[in-house]
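Scroll down for the structure; my scribbles are underneath it.
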Amino acid sequence: KICVGNHPDDIAAWIAERKKRFPTKENVKKKVEKKEKRRKEGALYNQEDMQQQQHNKKIKMERKKEDMNGLESLMAGYASSSDDDDDNETSPTTTTTTNTNFHKTKQCIYYLRNGKCRHESNCRFIHDDDARAAHLATQQSQQNS
């Protein structure tokens, strides 16, 4: 709960509520005993517990999304310039149903250009040195003419 109001009585009431619910050893012990008692009596969950669990799940999911967004923005700074402009040149290939191996039918455009790919052996596309040499030769001839 957020403290609402600037009046000293409002602030004092907010602090008192926070102190009452603060997870001290004593309060945690009471809460565990209360849950154990309800479990022994056969109660599954009360409404408050369910709401708390849903709230906790929601917060976890939001944090996870924030973490992923932060990671994506961090990783975006490390992407090569060729990663951004050629997304439509490569497409995923057909997967087998028994495992996660892919039938590699297309050349990895990043490996052809740079000689390396951030996915390395996990890449869905072919990393072939001969094809890379041919690609580089084609690029050289196009630049020279």
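The values are calculated or read from the model by the stated rules, or taken from the named source; none is laboratory data. Remember, predicted model here, so these are calculated numbers, not experimental data. All Cβ positions, glycine included, derive from the backbone under ideal geometry; neighbour counts span all protein chains shown. Calculation scope for accessible area: heavy atoms of the full protein, side chains included, ligands and nucleic acids excluded. Shrake-Rupley method; radii C 1.70, N 1.55, O 1.52, S 1.80 Å.
Listed values for region 127-136 are Karplus-derived 3J(HN,Hα) couplings in whole Hz (6.51 cos²θ - 1.76 cosθ + 1.60, θ = phi - 60°), namely 10, 10, 5, 5, 5, 5, 4, 5, 5, 5, and x replaces Gly and Pro. Of S145, S121, the residue with the largest accessible area leads and the full order is S145, S121 (1.4 Å probe). Given R0 = 41 Å, the distance between the Cβ atoms of D10 and K40 translates into a calculated FRET efficiency of 0.55. Computed from backbone phi with θ = phi - 60° and the Karplus coefficients 6.51, -1.76 and 1.60, the 3J(HN,Hα) list for region 16-31 is 4, 5, 4, 5, 5, 9, 4, x, 6, 4, 5, 5, 5, 4, 4, 5 Hz; x is used for glycine and proline. For Q107, the residues 5 or more places off, or on other chains, whose built amide H falls under 5 Å of its own are I126.
Within straight-line reach of K37, meaning a Cα separation under 26 Å, sit the following lysines at least 8 residues removed in sequence or on another chain: K19, K20, K25, K29, K57.
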